[in-house]
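Here the structure comes first, spelled out in structure tokens, and everything after it is commentary.
The values are calculated or read from the model by the stated rules, or taken from the named source; none is laboratory data. Remember, it's a predicted structure, so these values are computed and weren't measured experimentally. In this analysis, Cβ positions are derived from the backbone assuming ideal geometry, glycine residues included, and neighbour counts consider all displayed protein chains.
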Amino acid sequence: MKKFYLLIAALAAMTATQAQTYESATLEVGDYEGATTVVEGSYWDSAPTTFYLAHTGSQIIYTAQDLADLDELTDVKIDKITYRFLNAEGYENIVRDVKLYLQETDETAFAVIDGTKQFFDFDAESPALDATAEYPLYETYGDDGEVEFDLSAAPFAHTPGKGLLVTVVMDAQDNDNCLSSSFDLQFYNAGIRHRAMTFTNNTVSFLDYYETDDFPKATSMLGCGTDIDLPVTKFGFTYQVTPETGISEVNAARTTDGAYYNLMGRRMNADNLPAGIYIHNGKKIVK
């Protein structure tokens, strides 16, 4: 009898495990599909990057309020971040070495010390994404394009009530690999002021700047843009769901005719019952 109950418990555990499935969804911050406003200011002041310069770095704050819709879901893991840009006259394809850093935050703004905005510290040795990507600007000539960061190999777990700081580092493979086209290529913004900061340079990487005594100070003399709007963003993510079984209620008829039935509902010969489990007068018995 003890073995029987252990088997039932094991089957129940297996059923519970199998019931845990995941679905994919997206969350937009800003009007991703309907964005009509591009970044204001200098053409190189664009988050998450600009293709006009060989080396860029940016930090973007997504507050807990921006991500509040995720808090209603279970076991959320962010596996993709996508940005949209206006590509009216991109004449070439661009290759970039990309590093993406993600960290939870409770901050809603960049700190200002002695009148100077400060970048947030981050763990430069532990990127969530480290890859080389080609951006087909020529292929999307005259149309909008996207910059997509695929995190499916190591999704980032979202903690309810927490915001997210995204640090994006993009480096050309040589200092001359920057865009030669008109100034019409800009990233759309969400109209949320001062939630992004950028660093741009044609010879120095943001990671090199991170190692200097100048970091975390962000000044125009260092090629930093400090008044950047938060870019329109699409987060791809997975979350845990409990699928519908299609069985809303089970009604077990209590038969009291004195007969014996096996667990498949088949009536058995009461005078010649082999050892097993049976239903008799609506109750389960073990012979």
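Scanning segment 213-238 for residues that are more than 19 Å from Gln118 (Cα to Cα) and surrounded by fewer than 21 Cβ atoms within 10 Å (Cβ to Cβ) yields Lys234, Gly236, Thr238. Which members of segment 74-88 meet the condition of being hydrophobic (A, V, I, L, M, F, W, C), out of contact with any Pro (no Cβ under 9 Å at 6 or more places or on another chain) and within 11 Å of Lys234 (Cα to Cα)? Across segment 74-88, there are no qualifying residues. Would you confirm whether or not segment 174-183 contains a residue that is of a type in the set (Phe, Trp, Tyr) and assigned to a strand (DSSP E or B)? So far as segment 174-183 goes, no, none of its residues is of a type in the set (Phe, Trp, Tyr) and assigned to a strand (DSSP E or B). Would you check if Gly90 is assigned to a strand (DSSP E or B) and crowded, with 16+ Cβ neighbours inside 10 Å? Judged against the criteria, Gly90 is not a match. Select from segment 66-76 the residues that are touching a residue at least 24 places away in the same chain (Cβ under 8 Å) and surrounded by fewer than 17 Cβ atoms within 10 Å (Cβ to Cβ) and write down the one among them that is nearest to Pro48 (Cα to Cα). So, considering only residues that are touching a residue at least 24 places away in the same chain (Cβ under 8 Å) and surrounded by fewer than 17 Cβ atoms within 10 Å (Cβ to Cβ), the one nearest to Pro48 (Cα to Cα) is Asp69.
If you go through segment 141-182 and keep only what is hydroxyl-bearing (Ser, Thr, Tyr), within 25 Å of the chain's Cα centre (by Cα) and either crowded, with 17+ Cβ neighbours inside 10 Å or not assigned by TED's automatic domain parsing to the domain that holds Leu67 (or both), you end up with just Thr167. Out of everything in segment 128-140 that is touching a residue at least 40 places away in the same chain (Cβ under 8 Å) and part of a loop (DSSP other than H, G, I, E, B), what residue ends up being surrounded by the most Cβ atoms within 10 Å (Cβ to Cβ)? The qualifying residue surrounded by the most Cβ atoms within 10 Å (Cβ to Cβ) is Leu137.
Here Asp214 meets each of (1) outside any loop (DSSP other than H, G, I, E, B); (2) at pLDDT 75 or above with one exception, condition (1).
Taking the conditions exactly as written (of a type in the set (A, V, I, L, M, F, W, C), under 20 Å from Gly30 (Cβ atoms), over 13 Å from the mean Cα position of the chain (by Cα) and modelled with pLDDT under 95), does Phe85 satisfy them or not? Yes; evaluated as a whole, the condition is true for this residue.
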